[in-house]
Structures are given as structure tokens and as C-alpha cells.
Amino acid sequence: MIAIKNLHKSFKKNHVLKGIDVEIRGQGILALLGPNGSGKTTMLKCFLGMVIPDSGEILFQGNNIIGQYVYRQSVGYLPQIAKFPENLTGRELIELMKSIKSGETREDALIDLFDLSSELDKKMSNLSGGNRQKVNITLALMHDSPLIILDEPSAGLDPLSIKKFKDFLRLEKERGKTIIVTTHIMSLAEDLADDILFLLDGQVYFQGSLSRLLELQMEESLENAIAQILDSKKKSPSHERYIEV
């Protein structure tokens, strides 16, 4: 579904992406992981057309999408920090999003999932952080898109909402969706992910199954495996990479 080839991006003297090569095929949940500054959000923004890469190719369903925009109709995207007009209500934002993006919507199912109905007529400025995030998720997922990209989706959610959200994503996977999740909460990634894509210093350090990563690091949990990678990197800046497709 997605192929990224030799992608480079710099912001002045900061070389953020250093020749990213990634292939993401078919349905399933991919956890996009890496420390702060590893290039995760920049790579996603390049795919979404929000950042223009310096060089490289990005293919979606076989088509080069750099400079294009129609493909975004097939993508549901939750940014890490979603900013909407504070004077609008959640209900008004839903209607606004429906007017911008075509296709059938399923906001009622998400409103029920998060028990949001009593909050939707409040202005965004008056919502708690958790309820703002629930509205953000509803806006991102209300269109039935084949590709879903979620940047830190659990931020601000209570434990019950996180459980409901994980169950929803598992159902989406069963319906054939491709889901990319970035998170710093390793337990969330471990619960959901079929595959792991780990970026380090603007390059792909590992791409493959969760079980393979645990095997390579000789650890039983994703949290310990990632900690070991980062600790090894501190001791030896030149790191070997593992890429399986």
C-alpha cells in the first residue's frame, strides 16, 4: 500500500530523514516507534503532503503522491496536536469536516463508543483534555478510510476509553484496514501491533514483526527491547540495522 524510497528531509542544518526506505503492505496494525527527534512525525507529514521532502519517492497504491492531494481522501489522520477553532462546538466541527471531505460517515458510532453526546454542544475551549481528544479521534475516524494514521492517539484518554479505542482498532483491522500508530506508550504498541517500524537518527533501525524484534533483543517485552536498543546506541553510536519485509 505504501512504499517510501530513499526519503531525505532537512530543516536548515538538521538532517531529519536520512534515506528512509519503508514498505507497508496490506491490512494490519503497524507501530511506528522511535525516540524524540527520530523522524517519525516528519516521515508521516511527508506522506500526508504537509512537509515536502528534499528527495526520494513516496508511493501510495502504486502511485507517486508527491505534489498530489486526491489520495488524502483515502486517509484518516489524527495529528499529535490537533488544533481546531476554540469557539466551535464538537458538533459544529463534525459538520465542518463532513463538508470538507466527501463520502459516507460514521460519527454516530464513535460518539456512542466514547459516550460523547452530552459534550458535543460545548465549545472546544470548555472541554476537558480527554474529551477534546475523543472529539479529535471522532473527526479523524468518522470517514471509513482504508488507511488510518494515528499520532499519539491515547494522549489524555482514561483507561476505559483506551480499552474501547483498542477494541475499535482491532475491529478496523479485521475489516481490512491498514493502521499506523505512533506512540511512546510501549504497552499500547505491544497490545495492538502486528509489526514494528523503529526509527533511529532518521533511519530505519528495524522493520518486522513484534516477535522478531523481541527475539533479536532477547527480551520478553517491547519496553525492555526498546530500552536495550537505546542503551546500546548510547554506548555504540554506529548501530546495526534489521529490516525484514
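Does Asn36 meet the test of being within 28 Å of Ala189 (Cα to Cα) and not hydrophobic (A, V, I, L, M, F, W, C)?
Numbers: within 28 Å of Ala189 (Cα to Cα): yes; not hydrophobic (A, V, I, L, M, F, W, C): yes.
Answer is yes for this residue.
Test of understanding: among Ser232, Ser161, Ser187, which residue is among the polar types (S, T, N, Q), loosely packed, with under 14 Cβ neighbours inside 10 Å, in a helix (DSSP H, G or I) and not assigned by TED's automatic domain parsing to the domain that holds Ile24?
Ser187
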Inset, instruction - Answer yes if at least one residue in region 83-93 is under 30 Å from Asn14 (Cα atoms) and either surrounded by fewer than 18 Cβ atoms within 10 Å (Cβ to Cβ) or out of contact with any Asp or Glu (no Cβ under 9 Å at 6 or more places or on another chain) (or both), and no otherwise. - result: yes
Inset, instruction - Can you tell me which residue among Ser99, Ser118 is more than 30 Å from Leu17 (Cα to Cα), modelled with pLDDT under 95 and either part of a helix (DSSP H, G or I) or assigned by TED's automatic domain parsing to the domain that holds Ile20 (or both)? - result: Ser99
Legend entry - Options Leu150, Leu110; residue that is surrounded by 19 or more Cβ atoms within 10 Å (Cβ to Cβ), of a type outside the set (S, T, N, Q) and in a helix (DSSP H, G or I): Leu110
Legend entry - Residues satisfying the stated conditions in region 30-67, i.e. under 17 Å from the mean Cα position of the chain (by Cα), surrounded by fewer than 20 Cβ atoms within 10 Å (Cβ to Cβ) and at positive phi: Gly37, Gly49
Inset, instruction - Only residues that are touching a strand residue (DSSP E or B) at 6+ places or on another chain (Cβ under 8 Å) and assigned to a helix (DSSP H, G or I): list them for region 171-184, please. - result: Glu172, Lys173
Legend entry - Test: Leu96 is within 22 Å of the chain's Cα centre (by Cα) and more than 27 Å from Lys40 (Cα to Cα): no
Inset, instruction - Assess whether Asp167 counts as being at pLDDT 95 or above and out of contact with any Cys (no Cβ under 8 Å at 6 or more places or on another chain). - result: yes
Inset, instruction - Check region 86-93 and report whether any residue there is at negative phi and in a strand (DSSP E or B). - result: yes
Inset, instruction - State which residue pairs qualify: first residue under 22 Å from Gly39 (Cβ atoms) and inside region 71-84, second residue of a type in the set (Phe, Trp, Tyr) and assigned to a strand (DSSP E or B) in any location, beta carbons under 9 Å apart, and separation of 6 or more residues or different chains. - result: Tyr71/Phe60; Val75/Phe60
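The values are calculated or read from the model by the stated rules, or taken from the named source; none is laboratory data. Values in this document were obtained by computation on a predicted structure and should not be read as measured data. FYI the Cβ positions are ideal-geometry reconstructions off the backbone, even for glycines, and counts take in every protein chain you see.
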